[in-house]
Amino acid sequence: MTSKILRVLIVDDSVFFRAVLQKALGTDPQLKVIGTAANALEAEKKIEELKPDVVTMDVEMPNMRGTDFLKKLMPVNPVPVVLVSALNLGLFEALDAGAIDFVKKPAALDGNEFESFCAEVCSKIKVAATAKIQRKTIKTTSNSPTKLNNANIHNLVIAIGASTGGTEATLEILKHLPVDIPGIVVVQHMPAGFTKMYADRLNKLCSITVAEASNGNRVKQGQALIAAGDKHMVLKKDAKGYFVKCYAGDKVSGHCPSVDVLFDSVGETAGKNAIGVILTGMGKDGAKGLLKMRNEGAYTIGQDKRSSVVYGMPMVANDIGAVIKQASYQDIAGIIIKQLKQ
């Protein structure tokens, strides 16, 4: 992570919240607010004039939504953007348009919640400054992936873990999997509330069924379960097959839900009958868990450096020998299908 002073532009239509953000960023000596803007037009001018290292931006703004602004901005002046927003479905469209990550606006502006917000927004700005901005490419692909028609995969499970940049990488994988794919369990680092919206979005865009996980949910063919934003998720098995246990707990590897927690349980419960995928993200959550999966006989895949927004989690996993095959996120669905057909 960079050690230089990072110059930040704040974009938000609320005068009050611009002041809140300035206060939050002022708690970190590595960050310097060089300007503010109340709307996209002001932001466009100030980005050109001030050339910030990172921009914070709300999703909903007057005259032009953050998503539309990003679609206009990124092709001509790509700059790392961290969204700071309330619960809003447009957030995921903005991530798709090129934003690096997001932080939930705090409900309270004092006490522990505000302290947590300050720490999170400052951390994510630093990560964004080192992240790779993904340029959107148009690809012509089938909306209905070919069925596997393999009777020998009913006892298999696929586990996916992701963080920064992972929302769109996971979507790219899931939307290219067939409707008879083995059951999938996913941990994407995300706050509570947002995971339900994320699962609903994936469900609309994919051939398979996608839902936020609840305690006791069965892991079924043609379905992906997304861990809730404030609960760990582990894989269990009984006479009827796989199911998930979801529970509140302390952070593991810096996160709740934790990829390590999920992967550890998949290695223990499914062993060689599993495929593990670790995607883009800062830190090392999931690396040790993926190594356990590999040691138990699972087939493991890590996103490559070229296609990762932040090559942290998959890099650590690869460095410790947890990854059998590295690939771009665009190719991972095909690799999974090929492995399942063998």
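Some observations on this one:
- Legend: Rg and Dmax of the chain, from Cα coordinates, 20.0, 64 Å.
- Relative counts (whole %) of C-alpha pair distances in the range 2-158, using bins that are 5 Å wide: 2, 9, 18, 20, 18, 11, 6, 5, 5, 4, 3, 1, 0
- Listed residues Y247, Y198, Y311, most fluctuating in the chain (Gaussian network, C-alpha, under 10 Å): Y247
- Over the chain, dividing the summed -39,500 (n - 2.57) contributions of all DSSP H runs of at least 4 residues by the number of residues returns a 222 nm mean residue ellipticity of -10500 deg cm²/dmol.
- The mean sequence separation of alpha-carbon pairs under 8 Å and at least six residues apart, normalised by the residue count of the chain, gives a relative contact order of 12 percent.
- Size of electric dipole in the chain: Cβ of Lys, Arg +1 and of Asp, Glu -1, about Cα centre, debye, nearest 20: 960 debye
- For the chain, the share of DSSP beta bridges that are antiparallel, to the nearest 5, is 15%.
- With the convex hull of the Cα atoms taken as the outline of the range 10-94, the averaged projected area works out to 5.3 nm².
- S14-K305 pseudo-label distance in nm [points 7 Å out on the Cα-to-Cβ vector]: 4.1 nm
- Gain upon complete extension [K240, I5; 0.36 nm per residue less C-alpha separation]: 79.0 nm
- Our estimate of slack between A119 and E60, defined as 0.36 nm per intervening residue step minus the Cα-Cα distance, is 18.9 nm.
- Modelled spin labels at A107 and Q342, positioned 7 Å past Cα toward Cβ, are 4.8 nm from each other.
- Between K23 and N155, the modelled labels are 5.9 nm apart [label points 7 Å from Cα along Cα→Cβ].
- Positive-pole candidate from H154, P78, A131, dipole of the range 70-203, charges at beta carbon: P78
- Cβ-Cβ FRET estimate between D68 and N295, R0 fixed at 35 Å, reported to 0.05: 0.15
- Note on the range 199-246: lysine pairs with Cα distance below 14 Å, sequence gap of 8 or more or different chains, count 6.
- For the range 151-341: rounded, prolate or oblate by the Cα gyration tensor [a/c cutoff 1.5]: rounded
No lab work stands behind these numbers, since they all come straight from the coordinates. The model shown is predicted, which means the values in this text are computed figures rather than measured ones. Every residue, glycine among them, receives a Cβ derived from its backbone with ideal geometry; neighbour counts consider all protein chains shown.
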